[in-house]
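These notes concern the structure reproduced below.
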Amino acid sequence: MGSLQSTLIQLLQGFKFTFGIFFFTLIFSIPLGLLVSKGRMSKIKIVSLIFQLYISILRGTPLMLQLLLVYFGPYYIFGVNLGSIQLGPFNYRFIATIVAFSLNYAAYFAEIFRGGIQSMSKGQYEAATVLGFSKMQTYFKIILPQVVKRVLPSVSNEIITLVKDTSLAQVLSVTEMFTKASAAASAQVSVIPFIVAGAFYYVTNLIIEQILNRVEKSMSYYS
Amino acid sequence: MPETKRDVVLEINKVYKSFDDLEVLKGITMEVKRGEVVAVIGPSGGGKSTLLRCATTLEKVDAGKIVIGGDVLCEDGVYCDKKLEKQIRSKFGLVFQNFNLFPHFSVRRNITEALIHVHKKSKEESEIICSQLLAKMDLTEKADAYPCNLSGGQQQRVSIARALATNPEIIFFDEPTSALDPELTKGVLNVIKELAKEKMTMVIVTHEMSFARDVADRIIFMDGGVIVEEGPAYELVTNPKQERTKAFLAGY
Ligand SMILES: Nc1ncnc2c1ncn2[C@@H]1O[C@H](COP(=O)(O)OP(=O)(O)OP(=O)(O)O)[C@@H](O)[C@H]1O
Ligand SMILES: [Mg+2]
């Protein structure tokens, strides 16, 4: 009983980081994804190609490899040692994790947003134009709200995947929940910590699913 | 009817427009006077929509002049600045074949959004304008409905209300009933008839020949990027002069 309690406490400590990775990745990757999708749709060929390449590489290589590259790259390639960086409570490991996750997820979000934006009919832009709306007004009042509704199911998918992907931060020894569970499992010679961690991930996603369902429902008043 | 000198709301002069190698408008010249209803007819691909899209800033002409409500939109193919363009956009309305209502806005908001955020009218004033227009369109009880819950005819009437809301000097219609079932076209045509009675200036691209004959003052027959023939509506339909016009009308 005592060991279960201590397992729970350890996992909860790890969960802070798990949630941190999840939260900051979303905060950064969604706007970044919007920008990348804009670049990908640029009429300037070379710009569009660069962003296409970005998306293709980040989606086509393992996230774990990207984590290692972001973490070790500055030192191994440029000889710059960032190891001692500390932003408030966040050390370099954590920051590198957020950077790698955000870059990676931005690539996925970018393609989802591009699909959503390109699925909008030309008529919506034209109606807005002749009514006198500015480009900004058209984008934020007419286009974006409809795009959000269209991409929500795909974005939800990514969000749920992200919760589970946070466990990859283990390769950088970030003390997130999965790292803690592995440590506890080998110390106790037991699978219980893994099962408890699994339950944590599952419940987290259950809650997220409920929230996303609610958001989806709030936009179902039109089709 | 005593013909007084009415001012010209729309002037199109020697307008040319190509898409890549395809020349679609080959020197179109026309005028629409205040209070006049002009129908544009002609076979598919003749350039009717393109003409309307050029007049409503959705396409840029290659050469020629367009004047709307006294403001020069373009001359010799050179366009005015953005500020004037915006002012010009407030002088006309456009009704699309497939409505293009904003699906995420209620009927009321479809109509008031531009009033509030483009024309900077108060919410109260905008809603009064909206209610009056909806009453006119016989859609008062649909103010809070969303476009997806309306019939095609109702949606098109909302889009007419939306175009009217900003009190434009001229309204363009591009085949306003072509996307509608026959039994729904009547309501939309009646609304346009009403507007004609009120001396709303309108340019209507249509395939509804009897409607054009009865409601328009003047008909323009376009084919192959040129105006082949134009004249008083009844006369043009019943007694066309050009062979191409005769052949086209014979199909109706
Ligand atoms: N954006 C565009 N790019 C290339 N070609 C175009 C474009 N828009 C129109 N066209 C071409 O221009 C020609 C005239 O088209 P337009 O739509 O103006 O004809 P229309 O008279 O309105 O025909 P309909 O009665 O079928 O609506 C057609 O050959 C069409 O294919
Ligand atoms: Mg057309």
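What is the residue count in the range B:43-78 for residues that are among the hydrophobic types (A, V, I, L, M, F, W, C), within 14 Å of ligand 1 (Cβ to nearest atom), away from every other protein chain (no Cβ under 13 Å) and outside any loop (DSSP other than H, G, I, E, B)?
Count: 1.
Condition check: within 10 Å of ligand 1 (Cβ to nearest atom), surrounded by fewer than 15 Cβ atoms within 10 Å (Cβ to Cβ) and more than 14 Å from every other protein chain (Cβ to nearest Cβ). Does B:Asp7 satisfy that?
Judged against the criteria, B:Asp7 is not a match.
Of all residues in the range B:26-50, which are surrounded by 17 or more Cβ atoms within 10 Å (Cβ to Cβ) and near ligand 2 (Cβ under 9 Å from one of its atoms)?
Scanning the range B:26-50 gives B:Gly46, B:Gly47, B:Lys48, B:Ser49, B:Thr50.
Could you grab me the full set of residues in the range B:138-165 that are within 14 Å of chain A (Cβ to nearest Cβ) and buried (at least 22 other Cβ atoms within 10 Å of the Cβ)?
B:Pro147, B:Gln155, B:Gln156, B:Val158, B:Ser159, B:Ile160, B:Ala161, B:Arg162, B:Ala163, B:Ala165
Restricting to the range B:162-186, name every residue that is touching a residue at least 40 places away in the same chain (Cβ under 8 Å) and in a helix (DSSP H, G or I).
Those that are touching a residue at least 40 places away in the same chain (Cβ under 8 Å) and in a helix (DSSP H, G or I): B:Arg162, B:Ala163, B:Leu164, B:Ala165.
What are the residue pairs meeting all of these: first residue in the range B:29-43, first residue over 20 Å from B:Leu195 (Cα atoms), second residue assigned to a strand (DSSP E or B) and within 15 Å of ligand 1 (Cβ to nearest atom), Cβ atoms under 7 Å, and 6 or more apart or on different chains?
B:Thr29/B:Ile12; B:Met30/B:Ile12; B:Met30/B:Ile220; B:Met30/B:Ile227; B:Gly42/B:Phe221; B:Gly42/B:Met222; B:Gly42/B:Asp223; B:Pro43/B:Asp223
So, in the range A:148-177, how many residues would count as being closer than 21 Å to A:Leu69 by Cα and not aliphatic (A, V, I, L, M)? Spell out the reasoning first.
Just the residues of the range A:148-177 that are closer than 21 Å to A:Leu69 by Cα, to begin with: A:162, A:164-176.
Of the ones still in play, those that are also not aliphatic (A, V, I, L, M) are A:164-167, A:170, A:173, A:175-176.
Counting residues in the range A:148-177 that are closer than 21 Å to A:Leu69 by Cα and not aliphatic (A, V, I, L, M) gives 8.
Between a first residue in the range B:114-132 that is within 11 Å of chain A (Cβ to nearest Cβ) and a second residue that is part of a loop (DSSP other than H, G, I, E, B) and basic (Lys, Arg), which pairs have beta carbons less than 7 Å apart while being 6 or more apart in sequence or on different chains?
B:Leu115/B:Lys121
Computed from the coordinates by the stated procedures, all read-outs in this text should not be read as laboratory data. Model, not experiment: these values are computed from the prediction. When we count neighbours, we look across all protein chains shown, and the Cβ atoms used for this are built from the backbone with ideal geometry, even at glycine.
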